[in-house]
Amino acid sequence: MRELIITADGSHTLYVPEMDEHYHSINGAVQESLLIFIKYGFDTCTANPLNILEIGFGAGLNAFLTAMKSLEGNRRVHYTTVEKYPLPENITDSMNYHTYAGKGTREMFRLIHSSPWNSDVRICNNFTIRKIESDITICIPEGTYDLIYFDAFGPDKQPEMWSEDVFKRIAALTRENGIFVTYSAKGQVKRNLIGCGFNVSLLPGPPGKRQIIRADKKAN
């Protein structure tokens with residue numbers, strides 16, 4: 001069961017009662033994603049073309065904001081995202097993220113969600129998405145990546161997603177000097193990343209969160 005919630009910045013998120021967990025911050029879903037994944041991730045990664053791996057497609061907010069960002073320049077983005085539990089169309093059609101991105105973007109958001117799984121789909125000129133319906137604890141996506149968006153449910157809700165074993169899988173897929181961003185700044189998350197070859201920095205978080213993690217893959 002998923003409940004649609006209005007967050008502090010007016011954008012939607014989803015609440016999962018059985019986990020007592022939200023997909024994005026109740027203090028502002030869009031502003032959280034813009035800061036953590038776009039400002040600290042996309043804007044600081046200079047690779048072109050840019051290969052992104054997202055863990056936790058969820059409501060598609062990060063993918064949508066990244067697609068919109070790709071329209072601002074000439075960088076080609078290939079976006080691979082892993083999600084175990086895709087949302088039904090009646091839920092995604094109710095979400096209001098397009099109202100933060102300008103006229104005509106509702107169809108782009110719908111296309112991101114309606115595109116077939118496990119196939120490359122071109123959403124706009126510079127943005128291609130591949131959605132993988134699976135679990136990162138058992139799935140190893142093909143390719144290597146410049147930027148990792150790690151947006152699974154929290155370590156206290158899904159500890160297996162934040163384990164050193166999972167981070168080792170991700171480290172093996174991350175190019176030298178590649179960037180890893182996530183909303184969690186828990187000590188164990190930091191230690192697991194360091195143990196897998198990342199240099200970890202703590203950066204100021206969005207409203208309601210003091211710090212977040214941005215990590216860089218060490219060069220061999």
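Of all residues in region 29-43, none are loosely packed, with under 15 Cβ neighbours inside 10 Å, more than 18 Å from the chain's Cα centre (by Cα) and farther than 23 Å from ASP135 by Cβ.
Checked against (1) surrounded by 18 or more Cβ atoms within 10 Å (Cβ to Cβ); (2) touching a Phe, Trp or Tyr at 6+ places or on another chain (Cβ under 9 Å), MET19 passes all but a single condition, namely (1). Count of region 3-13 residues, restricted to those that are farther than 19 Å from ALA101 by Cβ, surrounded by 15 or more Cβ atoms within 10 Å (Cβ to Cβ) and either of a type in the set (D, E, K, R) or in contact (Cβ under 8 Å) with a residue 60 or more places away in the chain (or both), is 0. In region 179-188, the condition of being in contact (Cβ under 8 Å) with a residue 24 or more places away in the chain, assigned to a strand (DSSP E or B) and out of contact with any Lys or Arg (no Cβ under 8 Å at 6 or more places or on another chain) is met by at least one residue.
Regarding region 26-40, can at least one residue be identified that is aromatic (Phe, Trp, Tyr), under 14 Å from PHE153 (Cβ atoms) and in contact with a strand residue (DSSP E or B) (Cβ under 9 Å, 6 or more places away or on another chain)? No; the residues of region 26-40 include none that is aromatic (Phe, Trp, Tyr), under 14 Å from PHE153 (Cβ atoms) and in contact with a strand residue (DSSP E or B) (Cβ under 9 Å, 6 or more places away or on another chain).
Filter region 66-118 for residues that are touching a helix residue (DSSP H, G or I) at 6+ places or on another chain (Cβ under 7 Å), among the hydroxyl-bearing types (Ser, Thr, Tyr) and within 18 Å of LEU50 (Cβ to Cβ); which is surrounded by the fewest Cβ atoms within 10 Å (Cβ to Cβ)? Restricting to residues being touching a helix residue (DSSP H, G or I) at 6+ places or on another chain (Cβ under 7 Å), among the hydroxyl-bearing types (Ser, Thr, Tyr) and within 18 Å of LEU50 (Cβ to Cβ), the top hit is THR81.
Could you please let me know if ARG75 is without any contact (Cβ under 8 Å) to a residue 60 or more places away in the chain and not hydrophobic (A, V, I, L, M, F, W, C)? It would help to see each step written out before you state the result.
On the way: without any contact (Cβ under 8 Å) to a residue 60 or more places away in the chain: yes; not hydrophobic (A, V, I, L, M, F, W, C): yes.
Spelling it out, ARG75 is indeed without any contact (Cβ under 8 Å) to a residue 60 or more places away in the chain and not hydrophobic (A, V, I, L, M, F, W, C).
For region 122-131, which positions are surrounded by 13 or more Cβ atoms within 10 Å (Cβ to Cβ) and either in a loop (DSSP other than H, G, I, E, B) or touching a helix residue (DSSP H, G or I) at 6+ places or on another chain (Cβ under 8 Å) (or both)?
Our first condition is that a residue be surrounded by 13 or more Cβ atoms within 10 Å (Cβ to Cβ); within region 122-131, this holds for 123-124, 126-131.
Result: ILE123, CYS124, ASN126, PHE127, ILE129.
I'm checking my understanding of the structure. Among residues of region 134-181 that are of a type in the set (Phe, Trp, Tyr) and touching a helix residue (DSSP H, G or I) at 6+ places or on another chain (Cβ under 6 Å), which one is surrounded by the most Cβ atoms within 10 Å (Cβ to Cβ)? Before the answer, list the steps.
Let us first name the residues in region 134-181 that are of a type in the set (Phe, Trp, Tyr), namely 145, 149-150, 153, 162, 167, 180.
Restricting the remaining residues to those that are touching a helix residue (DSSP H, G or I) at 6+ places or on another chain (Cβ under 6 Å) gives 145, 149, 162, 167.
On the way: TYR145: 25, TYR149: 27, TRP162: 23, PHE167: 24.
Restricting to residues being of a type in the set (Phe, Trp, Tyr) and touching a helix residue (DSSP H, G or I) at 6+ places or on another chain (Cβ under 6 Å), the top hit is TYR149.
Checked against the criterion of being in contact with a strand residue (DSSP E or B) (Cβ under 7 Å, 6 or more places away or on another chain) and farther than 17 Å from ALA47 by Cβ, the candidates SER134, SER114 yield just one match: SER134. Only one entry in GLY41, GLY56, GLY73 is on the phi > 0 side of the Ramachandran plot and not basic (Lys, Arg), namely GLY56.
Here is a list: ILE179, ILE194, ILE140. Which entry is among the hydrophobic types (A, V, I, L, M, F, W, C), more than 18 Å from the chain's Cα centre (by Cα) and more than 15 Å from GLY56 (Cβ to Cβ)?
ILE194
If I filter region 132-141 for residues that are within 22 Å of ALA215 (Cα to Cα), out of contact with any His (no Cβ under 7 Å at 6 or more places or on another chain), of a type in the set (Ser, Thr, Tyr) and assigned to a strand (DSSP E or B), do I get at least one hit? No, region 132-141 has no match at all.
Which of the residues belonging to region 198-214 are in a strand (DSSP E or B) and under 23 Å from ASN27 (Cβ atoms)? Outline the logic, then answer.
Of all residues in region 198-214, those in a strand (DSSP E or B) come to 198-204, 211-214.
Scanning region 198-214 gives SER201, LEU202, LEU203, PRO204, GLN211, ILE212, ILE213, ARG214.
Since every read-out is calculated from the coordinates, none of them should be taken as a lab result. Quick caveat: nothing in here was measured; it's all calculated off a predicted structure. Because the Cβ atoms are built from the backbone with ideal geometry, glycine has one as well, and the counts that use them run over all protein chains shown.
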